[in-house]
1. From the list A:R99, A:R69, which one is among the charged types (D, E, K, R), without any contact (Cβ under 8 Å) to a residue 12 or more places away in the chain and under 22 Å from A:F182 (Cα atoms)?
2. When you check C:F124 against the structure, is it under 24 Å from C:W219 (Cβ atoms), at pLDDT below 95 and among the aromatic types (F, W, Y), yes or no?
3. Among the residues of region C:14-57, which ones are part of a helix (DSSP H, G or I), of a type outside the set (A, V, I, L, M, F, W, C) and surrounded by 13 or more Cβ atoms within 10 Å (Cβ to Cβ)?
4. If you go through region C:170-214, how many residues are over 19 Å from C:T151 (Cβ atoms), of a type outside the set (A, V, I, L, M, F, W, C) and surrounded by fewer than 22 Cβ atoms within 10 Å (Cβ to Cβ)?
5. Just the residues that are touching a residue at least 24 places away in the same chain (Cβ under 8 Å) and either touching a Lys or Arg at 6+ places or on another chain (Cβ under 8 Å) or closer than 30 Å to A:E137 by Cα (or both), please, taken from region C:163-189.
6. Given (1) surrounded by 17 or more Cβ atoms within 10 Å (Cβ to Cβ); (2) closer than 13 Å to B:L51 by Cα, identify the lone condition not met by B:A130.
7. Does region C:140-155 contain any residue that is more than 14 Å from every other protein chain (Cβ to nearest Cβ), without any contact (Cβ under 8 Å) to a residue 60 or more places away in the chain and out of contact with any Ser or Thr (no Cβ under 6 Å at 6 or more places or on another chain)?
8. With the requirement that a residue be among the basic types (K, R), more than 18 Å from B:I95 (Cβ to Cβ) and within 21 Å of the chain's Cα centre (by Cα), what does region B:130-167 give you?
Amino acid sequence: MSRRLFLPLVAVAAILFAVAPVFIAWAPYESTMGLVQKIFYFHVPSWIVMFLSAFVCGVASVVFLFKGRAQADRVAVAAAELVVVFGFIGLMTGPLWARKAWGVWWQWDARLTMALVMWMIFIAYLLLREYGGPGSEKLAAGVALFGMANVPFVYWSVNVWRTIHPTTTVVPTLVPGMRSAFWWCAVAFLLLYTAVLMARVRLETQRGELDRLYRELDD
Amino acid sequence: MSSAGPSAATLDAVAVDFDQLKFSEVSRYFGRRRALARVTFACCAGEVVALLGPNGAGKSTVLGLAATILQPSDGTIRYGGYVAAEAGAPLRSRIGMLAHELQLYPELTARENLEFFAALSGLDETRARAAAALNRAGLGDRADDLVGGFSRGMRQRVALERALLHDPRLLLLDEPFTGLDERSSAALAERLSGLRARDRIILLTTHDFEAAEAIVDRAVVLRGGRIAAMATSGDSLRERYLASLRDEVEGAR
Amino acid sequence: MRRFVRVAWLIMRKDLTVEARSRELLFTTLFFAMSIVLVFAFGFVRDGRPVENAAAGILWIAIAFAGTLALGRTFERERYHDVLHALLLAPVDRPAIYVGKLLGILALLATVEAIVVPLIALMFQAPLFRHPVLAVALLALGTTGFAAVGTLFAAMLVRARSRDVLLPVLLYPITIPVIIAGVRGTAALLQPDADLAMARMWIGMLGFFDVVFLTLSLWTFEPVMTE
């Protein structure tokens, strides 16, 4: 993750976000829901990024747990924080959409509940790191690993219930006009995610450097 | 005093053994706080080494590292040619520890504690060994009393026997003379002397210089997580220790 | 392998011996489970009749809460006088320690459930034992899944600060599939026209969950316990 990539990433992401409203406005209206459906262009990419980040955190945690590389731990904590942030965006945009489109703020359906559970697992991860005292990084890595392993189970068990959520096949069935707007926003979110992740990991790396310098001060 | 009973039959036929414990540039830290900084020393078979230092100097950390309970943040700890992470359980079967907390189950009797740990170490005839150990500790008549009801001195005697049940090569003792009366101190010193005669490596921490004096071959002084030089002036261990602390402070200026 | 089993058995036996002497965990966990049932009953029983499916939900909530309490306490015993470090120092396969503690907690929870489950069936007029084999399978696999994750988390929190509050915080989100499967499976069995296929499906999922998380726990126990 080169530092030189950071500014270009931020710049491109900013441009994409600046232009996004244009694409979104151009995109055709969805037949049943009208204007409110356009939240979808930010809502779904948020969730995509959240799950991607959860995966990154899980993998980094495994590396940290079994190989002990400090950098892996830094990526893990950065990714976990971003899970919470992007999950929060998804959880905010979802009910706004649902209230207008279906009349309810919340539905206990498969995908929503699973997303909520994953979000909470990573909040628990952060709580452990914050309040667990020294050495809790390794313990948190174990929690992240268990959280990752849980994804299929949570999805499957919650899925057996009735769902009023739009089915997963919504993307391929998008009208071409909608598809381009969607992918535009998805890419924008991905770039934003990568940029913020890099920044956060860099912050942790510098903290580690600072700690090392403090330690060597005694010499 | 020789150890009575048959020699420890650990599970691995190819037993791990070593004749030296060596710390090389070992550091242990959490974030900014460094508990140990580049500690280097060695203990050989047939030696009793004392680890001295003020409270918070890192003595217990050194013992924890030597016991493979803690892992070093930096540097290596070698047991002869072995390293803890690679050697695993067979290495641990050669290490015995008497910790400050004594690590006994208060809800079990002295006999049950010893039998449990003997069985965990893979020893056979746990009943006989436990009984013999309790007799050595002078607690034969209290064998079936719950450890929770023992005084600290009595618990320490049981814990010491537990640490020696599997005939370890390396014996680590965290402040073993604390809370012992004269007679028990002397008995402990005699016991350690016997172990030394059998080429065991003994590393202990203590604040009781007088009791340690009788038995200690060499002393290593820790201060603020680093090794301070051991002064040679002065007669008694206490005087030499205090002198080395003074020198360290003066040297730092 | 034989040694692994022996070590696990030794540790389980030690736990059961300690427990048999004081019976502290048994009584407090049992009483706590009953209190939970009572507290939730006040929320879900109206006009002398329980709300539909209340029994299934309350049963599994009671298991989860009581289980968390027992887990915390059983590892508190290992923390007292630092005995856990003596176990870690012993020349044993460390995952065997995990298995031993797990078996101990399962024995305790099985005993508690043997009393609480019939009591719930009684208090809520819920025919939990119409299909005894399925009901027991559901309880056994569900409790095992919960305890498997709980034992690992409780062990790793022994050296952490705020461990009392962190155990439930960490454990409940991760064991949500177990609770869902337990509740839905029990509810399926309690229906007037019991949905056996559904119950079997949930039992299958629980079995799979148990295998995956037991394996993960055995795999991560050593790295997570070494400081």
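The values are calculated or read from the model by the stated rules, or taken from the named source; none is laboratory data. From a predicted model like this one, the values you see are computed outputs, not experimental measurements. Every residue, glycine among them, receives a Cβ derived from its backbone with ideal geometry; neighbour counts consider all protein chains shown.
1. Result: A:R99 is the single residue among A:R99, A:R69 that is among the charged types (D, E, K, R), without any contact (Cβ under 8 Å) to a residue 12 or more places away in the chain and under 22 Å from A:F182 (Cα atoms).
2. no
3. Residues of region C:14-57 that are part of a helix (DSSP H, G or I), as a first pass: C:14-22, C:24-44, C:54-57.
If we keep only those that are of a type outside the set (A, V, I, L, M, F, W, C) as well, we get C:14-15, C:17, C:19, C:21-22, C:24, C:28-29, C:35, C:43, C:57.
Result: C:K14, C:D15, C:T17, C:E19, C:E24, C:T28, C:T29, C:S35, C:G57.
4. The number of residues fulfilling the criteria is 6.
5. C:R163, C:D164, C:L167, C:P168, C:L171, C:Y172, C:I174, C:T175, C:P177, C:V178, C:I179, C:L189
6. Just one mismatch for B:A130, condition (2).
7. Yes, region C:140-155 has at least one match.
8. Result: B:R136, B:R152, B:R155, B:R157.
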